[in-house]
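Undergrad: Got a structure for you, questions after.
The values are calculated or read from the model by the stated rules, or taken from the named source; none is laboratory data. No experiment lies behind these values; they were computed from the predicted model shown. Note: areas computed on protein heavy atoms with side chains; ligands, DNA, RNA excluded. Shrake-Rupley method; radii C 1.70, N 1.55, O 1.52, S 1.80 Å.
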Amino acid sequence: MDQFLFFLVAFLAVASAVYFVFAKNPLYAILSLIVTMFSIAGMYVLLNAQFLAIIQIIVYAGAIMVLFLYILMMLNLNKEDESKKSSSLKFIGVFTAGLLLIGLLGVFRGIEQKHVVVANVDKGVGLTKNLGRLLFNEYVLPFELASILILAGIVGAVLIGKKDL
């Protein structure tokens, strides 16, 4: 059952990513990218990494995709703008995609198929309880220093964005 769910979610992720690449309307492209991000979060859940799934949804599907949608709405792209693109840019895009395809084929050609039998799998590896225990016991100093750095960045952004001090 888990393997069926994984293949279903993987197919949804790949299909929505392909639709993102070939979509004519930028709004539909961004919405399909949101579906891709949710599908990747579903894969994380199936791999027992719930914390990564939640972060995937909050950061990527939530914040970044909303930012993309906001920018798209502010730009107000029209179909007239699409015809202004030169054919040399399209050629460069096709050429670099071809180079990427050749590189990927070379990588896949060099992969050896090895079947590894895993006997003992720790089911608690991706749980947030274990991550929190490790984060607040062993890595508490770097965690607190990172929070101070983020706080300094927020204060700096507010001061830069504020017109009159």
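Undergrad: Taking θ = phi - 60°, what integer Hz values does the Karplus form 6.51 cos²θ - 1.76 cosθ + 1.60 yield along the range 4-12, in sequence order, with x for Gly and Pro?
TA: Running phi through 6.51 cos²θ - 1.76 cosθ + 1.60 with θ = phi - 60° gives 5, 4, 4, 5, 5, 5, 5, 5, 4 Hz.
Undergrad: For S86, tell me the accessible area in Å² from a 1.4 Å probe, rounded to the nearest 10.
TA: Approximately 50 Å² for this residue.
Undergrad: Whole-Hz ³J(HN,Hα) for each residue in the range 24-29, computed from phi via Karplus 6.51 cos²θ - 1.76 cosθ + 1.60 with θ = phi - 60°, x for glycine and proline: what do you get?
TA: Karplus-based 3J(HN,Hα) across the range 24-29 equals 7, 8, x, 5, 5, 5 Hz.
Undergrad: Here's a follow-up. Could you derive backbone 3J(HN,Hα) for the range 48-56 from the dihedral phi with the Karplus parameters 6.51, -1.76 and 1.60 (θ = phi - 60°), listing whole Hz in sequence and x where the residue is Gly or Pro?
TA: Per-residue couplings from phi come out as 6, 10, 5, 5, 5, 5, 5, 5, 4 Hz.
Undergrad: Using a 1.4 angstrom probe, figure out how much accessible area the range 1-48 has per residue, in square angstrom, rounded to the nearest whole.
TA: Computed with neighbouring chains in place, this is 68 Å² per residue.
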